[in-house]
Amino acid sequence: MTKIRDFFSGATNFIGRISHIIRISALIAVMLALAFMCVIRLLQIQVVDAGKYTHHRTQTFTAEQMVPAVRGQIFDSHGRKLNTNQIVYKAIVQRAFLPFDEENDVIAGVLHILMKHDHEWLDEIPITINPNHETGLFQFKNAPDVSEDELAHFKSKLGLNYDATVENCIKALADNYRIDTDKYDEQMIRYIGGVRYEMELKDFSFKNRYVFAEDISMDVIIELKEKALLLKGVDVVEEPIRLYNDPTVMPYLRGRINAINEQQYAELKDSGYSLNDSIGFFGLEESFEPVLKGEHGIIEMTRDASWETISVKVTQEVKAGNSIKLTIDSDFQRTLDEILANHINWHNYTNGTRLRKVHTKATAGSIVVLEVKTGRILGMSNYPSYNLDDYVDLMIADAAGDSPFEYKPLLNRSTGHGYRPGSSFKTVTGTAGLIHGVVERGSAVSCGGQYRIYSDFQPYCWNRGGHGAMNSLTALLHSCNVYYYDVGRRLGIERLSGTAIDLFGVGTDLNCDIKMYPGRMTTPEIMEELMSRPLWEGDTIQAAIGQSENQLTPLHMATVAMTIANGGIRYRPYLVDSVWDYEMNTLINETQPQIIADMSEGNEAAFQAVQDGMRMLGNRDIGAGMLRGLPGLFAYKTGTPEIIKDQLYDSTVLGYYPYDDPQIAYAVVLEGGEYSSWVIRNIIDAYFYDCYEPAMNADGNVTTHWLSWSSPARTRQPKAIER
Ligand SMILES: [Zn+2]
């Protein structure tokens, strides 16, 4: 009984827990229409047996049964299975074969078998066993497991008021479902009532079967079969459940499926969904739901009075869902995760190396890597991250505000969170200034450390001593604020925001195959909306250096870098390389690179100047040792956006490599951290040379981010690899 009690006290998501239970079945290689075939196989055994009873038959029953489709799989770019299926045995109940006055006896019979073998079943009603028996046998579940609203909803479903006691609810279960209180003890009444309540929620009917328990063991199967005559309407079928391989690899992109809820069902019932179905809950499982889900089949079954199957007819063929292949190689993705986690660990471990007077803890971060000439997303890393199998538990804990979730591990920072870009945005402003001709490549703007054009707003350059004469290249190299204040003023908000939005996609949904936060660009409308005031000229020049209300996701930042690397061509960043049939034998559709914006023509000189400015920064860091030994030239721009004045800064970098024939564009964001550019070397090493070997101390902490090519500690000679 312990197991059952645990289940009632902590029950959250049956599907989520089921994966921990004994796995009994093997994956079947050809899974097309598999669910259907397995049902047939079990039934055939019965059909054969049924032959000898033919002459006893006096009456037959015929009913239709839905056969669930097997859901399409999610593969990485090398065809490794990520989200896939595992075949398990399920105990199901069919209305057509369940006599109307015997429901409770049949349910009690199945419950006895499940309890005897210590097996769980689906039961989510908010009543649990009271650990203190003196105050009653039962109690209501509390938050965070069950909210006040959910409890009130449950009571109203039973036809009770919100102030009904737990005893009232048990009585209502017994009354509503006509459970014989002389025949069953209170605990059994609670359990039978729980199953009946779930059956009602899941629209158990002639059309919809009910899944009593999933992943049942052979002991349970044998006993159910032995008692088949008593347990009319109960059947065992082999069917798939979702399996998440490598559950820590990009969980936020792959997503999960969940049981359909009442609201979703109301919206989708006309598209062939039933209340027994699962549906993509977030990530690609959600956005590719129509591709992955497949189509249910229907079979017509006839049984005789002794519960033997006489015939099975397919009236609608089941159709497996299609599978999708991602643009991301899960090995490279894992290395990116390691790079990001190591950098954050290093940052917090070596607080003696700080640049700024206020050292803060790096709490979170993101890395995004794109293929420059297509827009393919090659990697997308978040820190902190999580295990896909723990998602439901984490979500509940997160909603309850538990402390380990302070840094929101479930948030997909790469696409779901907007950051102030800070100075890395100067690449956007610089491009806009050159395209619109308010400055030319060599036009000089003098920095005296402060911008004094306006009488009432005179912001400083970060270098209060002044940079002297700056042009489009040196201003990027030195990250001179005054130069970009002036370019911003000359452009005005309309041209600045117009270029940011239309060319670079800032403040727009980039349509990257999963739901994303569009971010925002500072505009008069945004200022009205957020601040209830008109946009001031001071806002424009602040927006020009990546402050004010600009918010970009790391994916937006990488997209900016990709667009510059392409000389003004922005591709749609995408995650799904292709759609295949279930087993990935036949290609159905291959994603083609899609140009969203193209301002390359006539602007060659403008993009060349921005590229060269970004290259100068890369050149300087080769000298500093960070990139020494790597072939080619580098182009990037960093930023340290201020989050809380003089207290908290983020760190951003966006760029591409190699400068003369760009292959990858990247963005790195660290919350509360510094030196995001230090991981550029690691990203290039990992992507082009399959090599990432940070130097570690005895405690396993990273001491330096990279080992030089000549270092004997490098165990292998790196070699450029084909990707
Ligand atoms: Zn300056």
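Which net charge results for the neighbourhood of MET599, defined as the other residues with beta-carbon distances under 11 angstrom from its beta-carbon, given Lys and Arg at +1 and Asp and Glu at -1? The partial results should precede the final answer.
Values: positive: ARG570; negative: ASP502, ASP598, GLU601, GLU604.
Value of the local net charge: -3.
Strictly greater than 24 Å: what percent of every Cα pair in the stretch 73-216 meets that? It would help to have the intermediate numbers written out before the result.
Working: 4224 of 10296 pairs.
Tail of the P(r) past 24 Å holds 41 percent of the pairs.
Are there any helices in the chain, counted as whole DSSP H runs, that stretch 18 Å or more along their axis by Cα and score at least -0.5 on average by Kyte-Doolittle, and if so which? Helices meeting the span and hydropathy rule in the chain are 34-50, 103-116, 186-201, 604-623. Based on the alpha carbons, how large is the Rg to Rh ratio for the chain when Rh follows Kirkwood? Reported Rg/Rh (Cα atoms, Kirkwood Rh): 1.07.
Per-residue packing, averaged as other Cβ atoms within 10 Å, sorts the ranges 639-651, 244-256 into the order 244-256, 639-651, beginning with the highest.
Under 5 Å from the amide H of ALA213 lie the amide H atoms of ALA91, each residue being 5 or more positions distant or on a separate chain, with H modelled from the backbone and absent for Pro and chain starts. Judged by the ratio a/c of the largest to the smallest principal axis of the C-alpha gyration tensor, the stretch 330-704 counts as rounded, that ratio being less than 1.5.
Dividing the alpha-carbon radius of gyration of the stretch 223-370 by the rule-of-thumb value 2.2 N^0.38 Å gives 1.69. Applying a threshold of 25 Å to the alpha-carbon distances of LYS325/LYS373; LYS408/LYS637; LYS155/LYS293; LYS157/LYS319; LYS90/LYS141; LYS232/LYS313 flags LYS408/LYS637; LYS155/LYS293; LYS157/LYS319; LYS90/LYS141 as lying beyond it. Calculated from the alpha-carbon coordinates, the stretch 460-536 shows an Rg and a Dmax of 15.6, 47 Å respectively.
With a ≥ b ≥ c the root eigenvalues of the C-alpha gyration tensor of the stretch 519-627, is it rounded (a/c under 1.5), prolate (a/b larger than b/c) or oblate?
On the way: a/c = 2.17, a/b = 1.34, b/c = 1.62.
Cα axes put the stretch 519-627 in the oblate bin.
A short reminder: the numbers here are calculations on the coordinates, not readings from a lab. Bear in mind the structure is a predicted one, so any value in this text is a computation, not a measurement. When we count neighbours, we look across all protein chains shown, and the Cβ atoms used for this are built from the backbone with ideal geometry, even at glycine.
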